[in-house]
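> First, the structure itself, so that you have it in front of you.
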Amino acid sequence: MNFFLAALGVLGVASSGPLIAATLGATTVSALAIAFWRNAIGAAVMAGPVLVRQPRQFSRVTGTEFRWSLAAAVALALHFACFITSLQLTSVAAATALVCLQSGWIAVFQLFRGVRHRWQVLVGLGMAFGGVVTITGFDMGTSPDALLGDLLAVAGGALAGIYTLAGGKARQTMGTGVYTTLCYGMCAAVVAVLALVSRQPLAGFDAAGWLGIFAITVCAQLIGHTAFNHLLATMSPLLVSMIILLEIPGAALLAAAFLSETLPAGTYAGLGMILVGLAVVVLGQRSSRAERRDTGRLAELGAD
């Protein structure tokens with residue numbers, strides 16, 4: 001059963017990029033509409049069990065918990081804005097790999113906060129960000145749009161790291177259902193404001209557009225991350241975090257199979273460097289119980 005759930009989780013999160021790219025390319029759906037509806041629907045789904053079982057939990061949210069949840073929601077909203085827009089400019093494989101640098105960015109942020117990492121983590125960071133240079137270097141020679149898409153995906157990964165760290169602070173005293181409902185709901189509200197400012201529609205799409213939004217929400221948000229959240233109760237957080245990294249090759253394979261996406265050999269080499277580098281980062285953080293808890297929280301708060 002764990003193997004089946006792991007495969008289902010990888011397929012769910014890996015389908016995010018290809019489904020978003022296909023929806024944006026074939027329908028009139030806007031980038032921010034995808035971000036809005038997947039978070040709004042996610043908030044509604046997560047709120048249901050809490051409202052039925054323990055509705056008073058929402059009234060017990062403290063000011064500190066609310067502020068950390070709000071910070072996480074803003075970072076998540078900006079993450080989605082960057083990542084989904086990047087899929088309109090660069091390849092699905094490159095955008096997915098670059099945005100998956102979330103765990104690498106967390107390690108970098110921890111360095112600035114004075115956390116000392118093992119040498120393996122530093123080596124892994126070097127490999128991962130070397131892959132970024134490789135991918136962006138090849139895309140720089142391809143088109144300015146592809147390079148801009150790469151930079152947006154990198155920014156999306158950094159914002160996902162901020163979202164995870166802020167969410168980790170909130171989750172120290174909040175339950176999963178209350179936190180995700182509050183965070184996803186506020187994220188949807190922030191995205192709605194961004195859509196209003198940028199004049200991107202959130203409704204009025206054709207049937208194919210709504211089908212795409214539904215597929216993205218179900219596959220990536222509800223199936224993919226729900227499967228990984230369940231596995232955290234039955235498998236080690238380190239192993240779950242390693243399995244999540246399969247999103248990188250998974251998205252590349254799905255994009256090649258269903259979107260006929262082909263990339264230069266150098267770009268695939270960059271994807272491999274990021275995958276191996278992030279694996280080394282995750283493995284290098286296995287030394288202490290506190291770091292293992294951080295790894296588990298990272299898996300639980302996955303954004304894509």
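> Roughly to the nearest percent, how much of the accessible area of region 1-126 is carbon and sulfur, given a 1.4 Å probe?
68
> Residue separation times 0.36 nm, minus the C-alpha to C-alpha distance between ALA26 and GLN57: what's the value?
7.0 nm
> Then there is this: Which shape class, rounded, prolate or oblate, goes with region 102-250 when its Cα gyration tensor gives a ≥ b ≥ c as root eigenvalues, a/c under 1.5 marks rounded, and past that a/b bigger than b/c marks prolate?
Cα axes put region 102-250 in the oblate bin.
> Let me ask another. Label points 7 Å out from Cα along the Cβ direction at SER143 and ALA257: separation in nm?
Distance between the two pseudo-spin positions: 2.6 nm.
> Please report the relative contact order for the chain, taking Cα pairs under 8 Å with a sequence separation of at least 6, and give it as a percent rounded to a whole number.
That works out to 40 percent.
> For every other residue with a beta carbon closer than 11 angstrom to the beta carbon of ALA94, add +1 if it is Lys or Arg and -1 if Asp or Glu, then tell me the sum.
Net of charged neighbours comes to -3.
> While we're looking at this one, here's another question. I'd like the per residue volume of the convex hull spanned by the Cα atoms of the chain, given in cubic angstrom.
Spelled out: Cα convex hull of the chain, divided by residues, is 133 Å³.
> Anything in the chain that counts as a DSSP H helix reaching 20 Å or more along its axis (C-alpha) with Kyte-Doolittle mean of at least -1.0? List them, would you?
TM-like helix candidates: 31-53, 63-86, 119-142, 144-171, 176-198, 265-284.
> Counting only heavy atoms of protein chains, what accessible area per residue, in Å², does the chain have with a probe of 1.4 Å?
That works out to 44 Å² for each residue.
> Also, quick follow-up: Run the numbers for ARG199 and VAL133: contour at 0.36 nm per residue of separation, minus the present Cα-Cα distance, in nm.
Contour length minus the Cα-Cα distance gives 20.4 nm.
> With the contact rule set at Cα under 8 Å and sequence spacing of 6 or more, what percent relative contact order holds for region 12-128?
Normalised by residue count, the contact order of region 12-128 is 36 percent.
> Next question. In what sequence, highest mean first, do 248-256, 30-38 appear when ranked by Cβ atoms within 10 angstrom?
30-38, 248-256
> Gap in Å between the Cα centre of region 92-141 and the Cα centre of region 230-285?
Result: 13 Å between the Cα centres.
The values are calculated or read from the model by the stated rules, or taken from the named source; none is laboratory data. Bear in mind that the values here come from a model prediction, so they are computed numbers and not experimental data. Every residue, glycine among them, receives a Cβ derived from its backbone with ideal geometry; neighbour counts consider all protein chains shown. Protein only, heavy atoms only, side chains kept; ligands, DNA and RNA dropped before computing areas. Shrake-Rupley method; radii C 1.70, N 1.55, O 1.52, S 1.80 Å.
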